[in-house]
Structures are given as C-alpha cells and as structure tokens.
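Right, one structure below, let's go through it.
Every read-out reported here was derived from the displayed coordinates using simple, explicitly stated rules and does not represent laboratory data. Since the model is a prediction, treat every value here as computed from it, not as a measurement. Cβ atoms come from the backbone with ideal geometry, glycine included; neighbour counts cover every protein chain shown.
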Amino acid sequence: MAILLFTDFGSADLYVGQVKGVLAADAPSVAVLDLLNDAPDYDVEAAAHLLAALAPQFATGSVFLAVVDPGVGTPRDGLVLEADGRRYVGPDNGLFSLVWQRARTRRCELIAWKPSQLSSSFHGRDLFAPVAARLAAGVLLPEWLAPKPAPEVLFDAGPLARIIYVDHFGNCITGVPAQGVDRAARVEAGGRVLRFAAVFGEAPPGEPFWYANSSGLIELALARASAARALGLEVGAPVELQP
C-alpha cells in the first residue's frame, strides 16, 4: 500500500513538502512516493494521458493523489475514483478521464467532506491530501463521500497526437500509444519525419527517431542529445503519425 503523488506543483517548490506533511500526520504508516511532481503546468489533458500510462505499473490498492488543477477554487467537484483496483483522489476536471474510460471495473464518488480551513488556492493540501491519507490508511469515514455516477469532465480517450511531456534528457513523450503501430510508420514532428528504432543504440548517429517507451507511449528521442532542442519541440507541439 502506498500513496503516489502526481502533481504539477514542482519538485523544487514548497508545495510538495506541505502536502507530504499532511500525509505524514494523517497516515504515518503509509509510504508516500513521488510519481511525478513536474507534470506539465496547467495542462490537464496531457496529465490525464501521462497518469493513465503510468498508473498500471503500480500495485492494485495504490492511492494516487493526483492534482493538476488550474481551476482550483472554482465550483468543480473533488473525486475519489476506483479503477481496476487502484484509487485516485483529485479534482473533477478531466484528470481522471483516461483511467476512468479505459478501466474494466470502476466506481466514482464525490468528496462531500469540507475541512474547517480550506484555502481557495491549495486544495491539494487542504482537501485532497486528508482524503487520500485516510483512504490509504483505511480510516476514511463513509460520510466523507457521496455517490456520483461518473466524472463530469471527460476528455476523448483516444490517442493525443501531441507532446505531453519532455524529460531532462530532451526526450519527448507523446500521447499516442505505441501498441499496434507498425514499426514501418513514421512520425512527423518539428518539420522532420522520424523513423522507428527499437533502442537508442540502433538509431543512426545524429538522427532523431521514435520508439515505444517503457510506459507504452510513442516517444521521440535523439541518442546522447536532446530531441526537444534538435526539433524545436515543447509540451503541446503537434505530432502526426504517417503509415
């Protein structure tokens, strides 16, 4: 059992530590792991695709405290979802679109509880962290939740043909699943056409390429260099899959 943090709060900023302080106080025996605290700022749709790709790598029973919430403080709901045995706590803004729509078994509940002190700008700390902690510790009171048929905001569950994350190597992750894509296909990005290479060592020197990354998504890369810099790509840049 663990709580996985998935946020756009920034690894170097003060927000993650505050959330972890709440988790430590409310669920001291539960492990807290940083899955990603540098999700693309404000980009809920990109984060939804990243979360859906990463979550299956973790054990059933895991609790994902997931907050990419540019609408914090607005009337949007807070949710607790269960999808294929994993649980998710966060805003009803589309962040859980992919895990919800792709799940074989699923359940949605509204967070009905409100803390005595609720900042208008930090629901991750004040609302979602206490719920996630108690959920993971097995002490969440039933009256804190209320039935809800499904999330209100759902993005298209199909491939997202754009860059959704750029890592510090300059590798560019797309929202396009690699499964079923012919290895003879080409990917157009940044005005270049990229061919497939199975691993970095097989790519022609100095040539950007695409491959199936460890999370099952199409990723653009350049051996020992930054594909993002070479191709002029950033989060949101479009990609096109060519047969």
Fewest-first ordering of Tyr15, Tyr211 by Cβ atoms within 10 Å yields Tyr15, Tyr211
Between the Cα axis of helix 44-54 and the main Cα principal axis of the chain, the angle (0 to 90°, nearest 10) is 80 degrees
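Can you compute the FRET efficiency between Arg186 and Arg106 using 1/(1 + (r/R0)^6), with r the Cβ-Cβ distance and R0 = 35 Å? Round to the nearest 0.05. Write down the numbers at each step before the final one.
Working: r = 36 Å, r/R0 = 1.02.
E(calc), rounded to 0.05, equals 0.45.
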Expressed in Å to one decimal, the Kirkwood Rh of region 50-187 from all distinct alpha-carbon pairs is 16.3 Å
Cα convex hull volume per residue for region 121-181, in Å³, equals 216 Å³
The base-10 log of I(q)/I(0) that the Debye equation returns for the chain at q = 0.10, 0.13, 0.14 Å⁻¹, one scatterer per C-alpha, is -0.50, -0.79, -0.89
Checking Phe200, Phe155, Phe128 against a Gaussian network model of the chain (alpha-carbon springs below 10 Å), the top fluctuating residue turns out to be Phe200
Fewest to most Cβ atoms within 10 Å: His49, His123 sort as His123, His49
Per residue, the convex hull enclosing the alpha carbons of region 1-112 has a volume in Å³ of 101 Å³
Expressed in angstrom and rounded, the centroid-to-centroid distance over alpha carbons for region 107-146 and region 1-54 is 15 Å
Both in Å, the radius of gyration and Dmax of the C-alpha trace of region 160-242 are 10.9, 29
In degrees, nearest 10, the alpha-carbon axis of helix 15-26 is tilted away from the dominant principal axis of the alpha carbons of the chain by 40 degrees
If one builds a Gaussian network model of the chain from Cα atoms under 10 Å apart, the most fluctuating residue listed among Ala133, Ala48, Ala150 is Ala150
Listed residues Asp13, Asp84, Asp126; largest mean-square fluctuation, Gaussian network over the chain with Cα springs below 10 Å, found at Asp13
